[in-house]
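Colleague: Supplied in structure tokens, the structure appears directly below.
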Amino acid sequence: MELNGWEMWVEEAIAKLHSLKILRSLRPIHQSAPIHNPDHEFQVFDGPNKWDRASVELQISQSTFQKWLHNLPSSGDDNDVVYENVRAADKADGEFKKLIVFSGNDYLGLSSHPMVRDAAMKAAQEHGMGPRGSALICGYTSYHRLLESSLAYLKRKEDCLLCPTGFSANMAFMTAVGNIGRLMAGRKPSKDDRIAIFSDSLNHASIIDGVRLAEKQGNAVAYVYRHCDMYHLDELLSNCPMKKRVVVTDSLFSMDGDFAPMVELAKLRMKHGFLFVIDDAHSTFVCGQNGGGAAEMFDCEDDVDISIGTLSKAAGCHGGFIACSKKWKLLIQSTGRAFIFSTSTPVPVAAAAHASIIVATKEAWRRTAIQQRVHEFRALTGIPVESHIISLVVGSEEKALQASRHLLKLGFHITAIRPPTVAPNSCRLRITLSAVHTMDDLRKLRNGLAECVDLNQTQLFTCSKL
């Protein structure tokens, strides 16, 4: 099969949508006030500032602290009494517990950047939340279009489709790709006409749910290959009778901290002609010289057909996106139900996300800093970590909870990851590093870890352990 097979199938599906008069269009609404272009009124910085610490420091009430410490269930109402008592009065010393966050996904510390805050504030002052409706009705504005264009440029793709979340982006894509066989057949496709979707066994839940939905609809057949096992994937592809094949993988696995073998996947794409899709949620803005993600870092941007991502992690904002060709965008916006039936991103959030792209691009020191934190953690602990996501497998659920509670006492926000998120007896501490953590933060964390886990015996989850 030639590599342009997918382009031909997408064209055919779009033509069918057009003939059925259900090809949907996005019509940008022009805002009454001009868009603030951060490129022209932007202040960037060459190193950390005091506001950056807000992204890695937080406080919780003593009530929440005690409940967490004793593993008591909570529905989130821990602070109700605290808020009633404190009101506008000054908070008494000791009423709140300060913590350093080593569990969040704000990898570059952009959520507290003044330019990101200002972009959101100015857009809110001029437009409120913006038109409230799905993007196909009235929720798509010039702000959204500007953000899509910027993301497409970052990902080296022809276009981009914004989605409300990264989860909905994966769901929308999977259902859209599954619909291709049905559209071409004009009915429920035969097994050989369905889409064969090959998914890594440790892919994110949003990919798993999207694949399951496409399969349940009778449009796709799922094949799960062993984590990062290219021999197994090659074998499955070689024995698959279906022509329309998709391989989807996290580029950086969120619970394990290891990268997908991007170069090997690109080689298999050349061999088998599948559609190569990555969920680049945890690499976008962090990896690659320009923050283009794992594909840029491994120099295989041209081999990746679809790059799905989120704006709620390193961008420090909210939302999801699908970077793709214009034809794929037309197909997804017309058949991806998670996109079609969701209200669009509020205008201030879109404005803030666009500002984040500018900051992430211009303040390259943040990417350098987070890579430095990875090297420092490796040197301090002797653990051969490869990314800013560190998965320390401690074994049983009780061990993970005890370690998390001990670290909580020491002032660290690190949660225990347990089933069903991970398999039984592979419970872990998931530690995430930020560009705005300091060497002092890491030293204190290392000392705290040494008190509750054996760093010499603790397993680091990697592909090589499978």
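The values are calculated or read from the model by the stated rules, or taken from the named source; none is laboratory data. All values derive from a computational prediction rather than experimental measurement. Methodologically, a virtual Cβ is constructed for each residue, glycine included, from the backbone with ideal geometry; neighbour enumeration extends over all protein chains shown. With ligands, DNA and RNA removed, areas are computed over all heavy atoms of the protein, side chains included. Shrake-Rupley method; radii C 1.70, N 1.55, O 1.52, S 1.80 Å.
Colleague: Starting from residues that are surrounded by 24 or more Cβ atoms within 10 Å (Cβ to Cβ) and small (Gly, Ala, Ser), keep the ones in the range 277-290 and report whichever is nearest to MET171 (Cα to Cα).
Modeller: ALA281
Colleague: Here is a further query. Given (1) among the charged types (D, E, K, R); (2) more than 25 Å from GLY319 (Cα to Cα); (3) touching a residue at least 40 places away in the same chain (Cβ under 8 Å), identify the lone condition not met by ASP258.
Modeller: All conditions pass for ASP258, except number (2).
Colleague: From the list ARG405, ARG418, ARG366, pick out the single residue that is open to solvent by less than 50 Å² (accessible area, probe 1.4 Å), among the charged types (D, E, K, R) and within 21 Å of the chain's Cα centre (by Cα).
Modeller: Just one listed residue meets the conditions, ARG366.
Colleague: Taking interchain pairs and intrachain pairs at least six residues apart, which have beta carbon atoms under 6 angstrom, with the first residue in the range 115-133 and touching a residue at least 60 places away in the same chain (Cβ under 8 Å) and the second in a loop (DSSP other than H, G, I, E, B) and open to solvent by 50 Å² or more (accessible area, probe 1.4 Å)?
Modeller: LYS122/HIS36
Colleague: Let me ask something additional. For the range 120-137, what are the residues that are open to solvent by 20 Å² or more (accessible area, probe 1.4 Å) and either polar (S, T, N, Q) or closer than 26 Å to HIS437 by Cα (or both)?
Modeller: Listed by number, the residues that qualify are ALA120, GLN125.
Colleague: Starting from the range 211-231, take each residue that is among the basic types (Lys, Arg) and list its partners that are in a helix (DSSP H, G or I) and buried (at least 16 other Cβ atoms within 10 Å of the Cβ), counting only C-beta distances under 6 angstrom and pairs at least six apart or across chains.
Modeller: Sorted first by the residue in the range 211-231, then by its partner, the pairs are ARG226/HIS232.
Colleague: Also, I was wondering about something else. Which condition number does SER254 fail, the rest of (1) touching a strand residue (DSSP E or B) at 6+ places or on another chain (Cβ under 7 Å); (2) small (Gly, Ala, Ser); (3) crowded, with 24+ Cβ neighbours inside 10 Å; (4) not in a strand (DSSP E or B) being met?
Modeller: Result: SER254 passes all but (3).
Residue-wise test of (1) of a type in the set (Lys, Arg); (2) touching a Phe, Trp or Tyr at 6+ places or on another chain (Cβ under 7 Å).
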site: LYS98; (1), (2): yes, no
site: GLY109; (1), (2): no, no
site: LYS122; (1), (2): yes, no
site: MET129; (1), (2): no, no
site: LEU146; (1), (2): no, no
site: SER150; (1), (2): no, no
site: GLU158; (1), (2): no, no
site: ALA169; (1), (2): no, yes
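Colleague: Let me ask another. Under 6 Å by Cβ, and 6 or more places apart or on different chains, what pairs join a residue from the range 398-415 that is in contact (Cβ under 8 Å) with a residue 40 or more places away in the chain and more than 14 Å from ILE100 (Cβ to Cβ) with one that is open to solvent by 10 Å² or more (accessible area, probe 1.4 Å) and assigned to a loop (DSSP other than H, G, I, E, B)?
Modeller: ALA403/VAL453
Quick grid of which residues meet (1) open to solvent by less than 60 Å² (accessible area, probe 1.4 Å); (2) at pLDDT below 60; (3) within 29 Å of the chain's Cα centre (by Cα):
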residue	(1), (2), (3)
MET1	no, yes, no
MET8	no, no, no
HIS18	no, no, no
SER25	yes, no, yes
PRO28	no, no, yes
ASN37	yes, yes, yes
PHE45	yes, no, yes
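Colleague: Here's something else I'd like to know. Select from the range 80-113 the residues that are under 34 Å from the mean Cα position of the chain (by Cα) and surrounded by fewer than 15 Cβ atoms within 10 Å (Cβ to Cβ) and write down the one among them that is modelled with the highest pLDDT.
Modeller: Selected residue: LYS98.
Colleague: Regarding the range 233-250, can at least one residue be identified that is among the basic types (Lys, Arg) and open to solvent by less than 30 Å² (accessible area, probe 1.4 Å)?
Modeller: Yes - at least one qualifying residue is present in the range 233-250.
Listed here are the residues, each with its yes/no results for (1) more than 17 Å from PHE102 (Cβ to Cβ); (2) in a loop (DSSP other than H, G, I, E, B); (3) aliphatic (A, V, I, L, M).
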site: ALA352; (1), (2), (3): yes, no, yes
site: ILE358; (1), (2), (3): yes, no, yes
site: ARG373; (1), (2), (3): no, no, no
site: PHE377; (1), (2), (3): no, no, no
site: SER434; (1), (2), (3): no, yes, no
site: HIS437; (1), (2), (3): no, yes, no
site: LEU442; (1), (2), (3): no, no, yes
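Colleague: When you look at LEU265, is it open to solvent by less than 30 Å² (accessible area, probe 1.4 Å) and over 22 Å from SER325 (Cβ atoms), yes or no?
Modeller: no
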